[in-house]
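Let me begin by presenting the structure, written as structure tokens, before commenting on it.
The values are calculated or read from the model by the stated rules, or taken from the named source; none is laboratory data. Remember, it's a predicted structure, so these values are computed and weren't measured experimentally. Cβ coordinates were reconstructed from backbone atoms using ideal geometry, including for glycine residues, and neighbour counts include every protein chain displayed. Side chains are part of the model used for accessible areas, which takes the heavy atoms of the whole protein and leaves out ligands, DNA and RNA. Shrake-Rupley method; radii C 1.70, N 1.55, O 1.52, S 1.80 Å.
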Amino acid sequence: MSDIPSLSEIIFYILRRGLYHTLLLTALGLLIGFILGISLALIRLYGAKELAWFSSGYEKLFRGIPLIVLIYVFAFGLPDIFWYIDPLELRLGGVVLALSLRSAAYQSQIFRGAILSVNPGQMEAARALGMKGSQAFRHVVMPQALRLAVPSWSNEYAVVIKDSSFASAIGIIELTQAAYFVSVSFQEIWALSYLILAILYFLFTYPITRIFGERQSKKLKKFGMGGG
Amino acid sequence: MQVLKGISFELGEGEVKVVFGPSGSGKSTLLRCINMLNPPDKGEVYLRGENITDPEVNINAMRARIGMVFQHFNLFAHLKAIDNVSIGLRRVRGFPKEEAREKALEVLQTVKMEKWADHYPAELSGGQQQRVGIARALAMDPDVILFDEPTSALDPELIGEVLQVMLDLAKAGTTMIVVTHEMGFAKAVASEMIFLGDGVIIESGTPEHFFISPKSERVKKFLQQLDILYGSHEKLLK
Ligand SMILES: Nc1ncnc2c1ncn2[C@@H]1O[C@H](COP(=O)(O)OP(=O)(O)OP(=O)(O)O)[C@@H](O)[C@H]1O
Ligand SMILES: [Mg+2]
């Protein structure tokens, strides 16, 4: 890139260099956060008292620390322990850990809220049929809780994809870092490169939160799920 | 707080027991003790000679033999009508998918809801939902079905279709305990009526007894109020 690039060239460059890591960090952060988050929610709701305390303490802890601090801790703390692994992968791993451990704290709240908002009459009806508590949970409560969680969960997706941009702070080339490269190579258009970046993030978040947030909320209401 | 005190009664095969009484008298609690949704602190419940309240007994297996129909239907909101009816067969009785579906369709026919099999509860009227609720209980071939004010959450014009289904069941020999203030229904099919007040049986007897010569003043007053509030549903019963 020496001449000033065209709009489409900038967009293409940012996506080509950065999209992979942005999506990878988001997907892993959400997925690991999902597994941990559901587990924490179940522990907090149904676990022994000590475990429930742990779960609640975990939520408070990870909601109380800035993400960038978590990233520094894991990205620079891990290399000392796992000195034999490639440093770039370690830094990526550090960001994944930071994103997913924090997301787990929020997802735990999302799923706990969703489970609690399933109408208690649903559980009763299932037990009255002769289902065991675990069957009733699996076949009646959980399917509804997952549907109820979709709007908040799509919001969490938006949070994680946007926050994956913090990875640029430790030199991982994702969308934000790619835009930064454009802005320093062509200082005449630095503002434009960040504007394009902003629009890209918006395009990755808005449609999803629109479909899975607003539309799902309406649908859930229509199906009479939650509340009561 | 003690809700029920010294209540004792027997229900024979094919009998219909109607329980009524003022709000807060413990009617729901009574039903919920019978299927152990609210296990009683004291007292025993027997189903065909087996003590349900025995802590050793498999309560899930017992509940599978006791149907329950709820005031607010409590249909599984994420399942179509047919799956509401078949889920117990599949998950509790271990039916294979196809057999459960076939049987569920048959049962939906008995409540005249087979045309709505693929609709979700939210797409059905209250009366239709309650008929699916009855089908859900019926599908398990229970020894007895408990009804907790099955029509009291319904708009007046939807009550008839549900009562009709219940009448058909009663006449076909289904054993039922029905909490209701539909005195027309009671008159038509109750083998015994129980008036509950403050957690005790104030008076019990046949419908004739209650409608011709109730003993206690409280019952008389209550029946008069019902007449004023609901009118009598005798038109429904030819
Ligand atoms: N879970 C509970 N914990 C404590 N008290 C309860 C509980 N459920 C009901 N009660 C009390 O038990 C009494 C009987 O309630 P119940 O719901 O059985 O009455 P009901 O006859 O079914 O009334 P309604 O006609 O309003 O349905 C009431 O005084 C009520 O406040
Ligand atoms: Mg009640």
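Some points to look at:
- Distance-filtered residues of the stretch A:39-69 - backbone nitrogen under 11 Å, label point 7 angstrom along residue A:116 Cα→Cβ: A:45
- log10 of Debye I(q)/I(0), alpha-carbon scatterers only, for the stretch B:111-238 at 0.15, 0.22 Å⁻¹: -0.76, -1.41
- Anisotropy class of the stretch B:18-89 from Cα gyration tensor, a/c 1.5 cut: oblate
- The trypsin sites (Lys or Arg not before Pro) of the stretch B:16-117 meeting both criteria, a DSSP state outside H, G, I, E and B (loop) and at most 14 other C-beta atoms within 10 angstrom of the site's C-beta, are B:42, B:48.
- Solvent-accessible area, 1.4 Å probe, carbon plus sulfur percent, for the stretch B:1-126: 46
- Here the simple spin-label model places points 7 Å from the Cα toward Cβ, and for residue B:200 and residue B:106 these points are separated by 4.7 nm.
- Spatially close Lys pairs in the stretch B:30-187, defined by Cα atoms under 20 Å apart and a spacing of eight or more places or different chains, total 9.
- Extension gain, residue A:39 back to residue A:23 (0.36 nm per residue minus Cα-Cα distance, nm): 3.4 nm
- Value in Å of the Kirkwood radius, where the stretch A:9-222 supplies the Cα pairs that are averaged: 19.0
- Contact residues in the stretch B:71-100 (at least 20 Å² less accessible area with all protein chains than alone, 1.4 Å probe): B:74, B:76, B:77, B:78, B:87, B:91, B:92.
- Normalised size of chain B, defined as Cα radius of gyration per 2.2 N^0.38 Å with N residues, equals 1.01.
- Annotation: residue B:181 carries an accessible surface of approximately 30 Å², with a 1.4 Å probe and no ligand, DNA or RNA atoms counted.
- In the elastic network of chain B, a GNM with C-alpha springs shorter than 10 Å, the most mobile of B:226, B:138, B:196 is B:226.
- Tensor-based shape of the stretch A:29-77 (alpha-carbon gyration tensor, a/c under 1.5 rounded, otherwise prolate or oblate): prolate
- Nearest-0.05 FRET efficiency for residue B:213 and residue A:209, computed from C-beta distance (R0 56 Å): 0.25
- For chain A, the relative contact order comes to 28 percent (Cα pairs under 8 Å, sequence separation of at least 6).
- Couplings 3J(HN,Hα) for the stretch B:185-195, derived from phi with the Karplus relation 6.51 cos²θ - 1.76 cosθ + 1.60 (θ = phi - 60°), are 4, 4, 4, 6, 10, 5, 7, 8, 10, 10, 9 Hz, where x marks Gly and Pro.
- Helix-only [θ]222 nm of chain A, DSSP H runs n ≥ 4, -39500 (n - 2.57) each, per residue, nearest 500: -25500 deg cm²/dmol
- With every protein chain in place, the stretch A:9-222: carbon and sulfur % of accessible area (1.4 Å): 67
- Buried accessible surface for the A/B chain pair comes to about 1900 Å², total over both chains, computed with a 1.4 Å probe.
- The residues of chain A have, on average, 51 Å² of accessible surface per residue, using a 1.4 Å probe with all protein chains present.
- Calculated diffusion of the stretch A:33-146, Stokes-Einstein form, Kirkwood radius summed over Cα pairs, 10 °C and 1.306 mPa s, µm²/s: 100
- Building the convex hull from the alpha-carbon atoms of the protein assembly as shown and averaging its projection over directions returns 30.0 nm².
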